[in-house]
Amino acid sequence: MSKDRTIQDVFHRFYPSFESTHSISPAQRKTAYHIMNCKTGAFGVNVSVCEDCGCMSVHYNSCRDRCCPMCQEFPKEKWVDARREDILDAPYFHVVFTVPEELNPIIYSNQKFLYTALYHAASDTLSELAADSKYLGTNIGYICILHTWGSTMNFHPHIHAIVLGGGLDVKNHWKDNGKEFFLPIKVISKIFRGKYMAELKQLWENDRLEFHGSAAPYKNYYTFKELLNTCYTLVDVLFAYLKKMEPTVPTSGQLRKAYTYILNQEKYLRVFLEDGEVPIDNNASERAIRGFCIGKKNWQMIDTINGAHSSAIIYSIAETAKANNLKPYDYFVYLLEEIPKHMEQKDRTFLEDLLPWSKKLPEGIRKQQ
């Protein structure tokens, strides 16, 4: 194909046969009509005549359809320039939110509702996690852009988000995490999935969804429930079932013991599933504390429960410092020098900068790589 060909030429050549073999929505048909007739005279003509020489110029009106690349290049560039004026001297990150392809038939039949749900879930996820002091503790800015097609022109709805790497805290002070992204990807994925699926189920329960074409089978209650289950991990399905059935379990006996045990283990099991760096056994922890536990002198100063508890906390901090490539002795000295400076403050957020994984710790207490 010649490099001079435009998207309009492609539509003129292939759209008629495509339309005859595919189900086209009214909105898509309208867009195709706009693209094929953009700047052809179908939308009117402007004629300009020079008052001096009489030269005549004919200008065909554009379709002004937001999906038409024939006439929307200039508006796009204006939008980009406007966004450049908003850019701050801070890092920005690119985050993509997508959904399981199993939901595509449902989304295609309910584009207005479920595209809106995509925006809601992505926006709420970013705002909620960024505001959490565990991650950043600020009100951040971001731009969300909906794409409905993949690189192979398949139906693939997803949100591209341009996320500002910092924001204002509760005291209106700027706070960022440098050039490193401040949110764990697995946490983003989990929160986003929960929010999107919750809105999808709410629409379903309110009888707001329609089922056309390949989505028709999901009119059946049980088929739709099965579809929802495939969108969750097996562990989500397992614990949802256990919690649902718990009222039917006897209050005593072996089954109750088994139920109580597995429900109590949920939070620990999820740690292994959500963080691949956490080993499923505790061999490393046992090796780390063996010298501490068998050392006779250690136990002479912790002959009370509170003493043992305090020693365990201190030892845990030391091991965490080593895991984050810190020198334990220098790290404790730094803590004992810094914490007294803030004892009169009611706001304890300063402790976040003192944690072993904080990027704001001085280089002098870090081990050389």
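The values are calculated or read from the model by the stated rules, or taken from the named source; none is laboratory data. Keep in mind the model is a prediction, meaning the values are calculated, not measured. Note that we place each Cβ from the backbone using ideal geometry, even for glycine, and neighbour counts take in every protein chain shown.
What to note about this one:
- Conditions (1) within 14 Å of the chain's Cα centre (by Cα); (2) part of a loop (DSSP other than H, G, I, E, B); (3) not acidic (D, E): number failed by N172: (1)
- Taking the criterion of being of a type in the set (K, R) and either surrounded by 14 or more Cβ atoms within 10 Å (Cβ to Cβ) or not in a helix (DSSP H, G or I) (or both), the only residue of region 202-230 that qualifies is R208.
- Any hit, region 143-160, residues being closer than 30 Å to D353 by Cβ and not assigned by TED's automatic domain parsing to the domain that holds K346: yes
- Positions within region 284-323 being closer than 28 Å to K190 by Cβ and at pLDDT below 75, in sequence order: A284, S285
- Of all the listed residues (K39, K76), the sole one being of a type in the set (K, R) and in a helix (DSSP H, G or I) is K76.
- Options V95, V80, V99: the member that is modelled with pLDDT of 85 or more and more than 15 Å from V163 (Cα to Cα): V99
- Selection within region 54-69: residues that are exposed (fewer than 11 other Cβ atoms within 10 Å of the Cβ) and outside any loop (DSSP other than H, G, I, E, B). The member of this set that is nearest to the chain's Cα centre (by Cα) is V58.
- Residue match in region 231-242 (condition: loosely packed, with under 14 Cβ neighbours inside 10 Å, farther than 30 Å from Y142 by Cβ and hydroxyl-bearing (S, T, Y)): yes
- Test: A215 is within 17 Å of I107 (Cβ to Cβ) and of a type in the set (A, V, I, L, M, F, W, C): yes
- Qualifying residues in region 324-362 (those that are among the acidic types (D, E) and surrounded by 12 or more Cβ atoms within 10 Å (Cβ to Cβ)) - the one modelled with the lowest pLDDT: E352
- Listed by first and then second residue, the pairs linking a residue in region 193-215 that is assigned by TED's automatic domain parsing to the domain that holds E128 to a residue that is in a loop (DSSP other than H, G, I, E, B) and of a type in the set (A, V, I, L, M), with Cβ atoms under 8 Å apart and 6 or more places separating them unless they lie on different chains, are Y196/V99; L203/L209.
- For region 60-90, the candidate set comprises residues that are in contact with a Phe, Trp or Tyr (Cβ under 9 Å, 6 or more places away or on another chain) and among the small types (G, A, S); within that set, the residue that is farthest from T31 (Cα to Cα) is A90.
- Region 161-201 - residue that is farther than 20 Å from I145 by Cβ and in contact with a Pro (Cβ under 8 Å, 6 or more places away or on another chain) and, of those, surrounded by the fewest Cβ atoms within 10 Å (Cβ to Cβ): K179
- Contacts under 6 angstrom Cβ, first residue in region 336-357 being closer than 16 Å to K171 by Cα, partner in a helix (DSSP H, G or I) and modelled with pLDDT of 85 or more, 6 or more apart: F350/H342
- Which listed residue is in contact (Cβ under 8 Å) with a residue 12 or more places away in the chain, touching a Gly at 6+ places or on another chain (Cβ under 6 Å) and assigned by TED's automatic domain parsing to the domain that holds L126, from P100, P91: P91
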